[in-house]
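Throughout, read-outs are computed from the coordinates displayed, never taken from laboratory work. What you see is a predicted model, and the numbers here were worked out from it, not measured in a lab. Cβ coordinates were reconstructed from backbone atoms using ideal geometry, including for glycine residues, and neighbour counts include every protein chain displayed.
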Amino acid sequence: KQWYQRRVAITAGKIGGHPAWLNPSNLPAVPLCSLCGDPLIFFAQIYAGLDRPSNGFHRTLYMFVCTRGSCYSDNQQPVRVFRSQLAADNPFYSVQPVPEGDADVNEIGENKSFAQSHNGYTNICGMCGCKAPLKCGKCQAVHYCSKTHQKEDWHDHKLHCTDQPSIFNKPAYLSKSSLLFKEFDIMIDREKEKEDLQMDPEELARIQNSSDGYDISGNDAESLSKEYGQDSDPTFTKFKERISRDPSQVLRYARHDAPLWPVPTSQCDTAPPCAVCHEPRSFEVQFLPSLLYLLGVGKQKDEMDWATIVVYSCSKDCEVEDYVEEFAWTQTYPSIPTNGS
C-alpha cells in the first residue's frame, strides 16, 4: 500500500500544498528569493516522464515562488524551478504500474499520500515541505528548513511544544501550514484544434475587443489600457484567442515548442544553457495568470502578480542525480504610467 501511495503522489501533477519529492533521499536546500532573501514557497509540480527506462523514466519539475509582490517587476526573477529524474528501476518505486482503483486518491488533499513520498528518508520542514536541517530545540520533533520558518511557526508551535515528543501523533508535514498555497490536482488534456472549434463570429469579435475573454485583475487591465491605449494589442489578442479554446486552463505544456506570451514586453529572448551538460534549454511549460485567480492571489497590494511564468529545461534531458536547477522566466504586466511621466 505504501508504494502505491508514493507512486500516485509523484505521478500526479499538482498546485500548492507540500511538494511530493520524486527522489526522497537527497532533497535540495530550501530555495531563497534572489531579491528579498526570503525562503521561496512551493507553487507547483509537473510530472513529465520520458519514454525511456533509463534515467528520466520518472521526471518531475518543481516550481517555487516568492510571495512578495514587490519582488515582481520587469526582468526580476523571484522564482526558481528544479528537475529530478529517476530510472524505471530505482530504490523508491516499483517498476509495475499502479493498478487502477488501488490508489487512495482521497488522501491527496490532506497531504497524506504526498507525505509518503519522503517519509522515512529525510527530515522536511513542517512549514513548507523542503529539506529541514534544523529542529525545535525543546521538543526535538518539529523540523525546519530555516530560522525564518521556525520563527514564523513559533506563534502556533509554542502552544503545544513540550520536551515530551510522544505527544506528536503525526508528522508536522501533515499539518496545514498557513504559508502554503491551496492544493489542487492538475488535470491534463489536449488542446482543441482550431478547425475543431465552432465559435460564433460575434463571440470571436467580443474576445478580440475586450478583456472579458480572459480574467485579468483591475490593476492589470488598467496597465494594459494605459500602455496600449484604445488599440487592440496583437500579442494580447493572440493570447486571448488561443486561450479561448479552453478558458479554464491554468497552464500550457508544449515541450520544445514556444510559449504563448500575454503581452509584448518583458519576454525572454534566450534561456541560458543547461548547467549540467551545457546544451541549450528549450521551452517546456508555462503557468497562466488564471492560476492566481484560482488561488485568490494578486488582489492585495504586496501579493505576487504576473502575466505568465515560463519554464525552460534541458533540451537533451541529460541524466541528473538528485535535483538540478532549470530556468524560469517571469513576465510581468507593463507598469502603469504616472501623470507627467
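Mind scanning 131/301; 14/131; 240/316; 14/138 and naming the pairs with a C-alpha gap bigger than 27 Å?
Distance filter (> 27 Å) returns 131/301; 240/316; 14/138.
Site pair residue 299 and residue 185 shows an inter-label distance of 2.7 nm when each label is modelled 7 Å from Cα along Cα→Cβ. Residue 148 versus residue 89, label points 7 Å from Cα toward the beta carbon: distance in nm? So the label points at residue 148 and residue 89 sit 4.3 nm apart.
With a cut-off of 13 Å between beta carbons, the residues surrounding residue 39 carry a summed charge of +2, where Lys and Arg count +1 and Asp and Glu -1. Measuring r between the beta carbons of residue 155 and residue 282 and using R0 = 25 Å, the FRET efficiency lands at 0.05.
Positive contributions from Lys and Arg (+1) and negative ones from Asp and Glu (-1), summed over other residues with Cβ under 13 Å from the Cβ of residue 52, come out at -2. Computed extension gain for residue 52 through residue 321, at 0.36 nm per residue and net of the alpha carbon distance, reaches 95.2 nm.
The simple Förster model, with R0 at 30 Å and r as the Cβ-Cβ distance, assigns residue 178 and residue 246 a FRET efficiency of 0.40.
Annotation for the range 266-341: trypsin sites (Lys or Arg not before Pro) lying in DSSP loop with at most 13 further Cβ atoms inside 10 Å of their Cβ are 299, 301.
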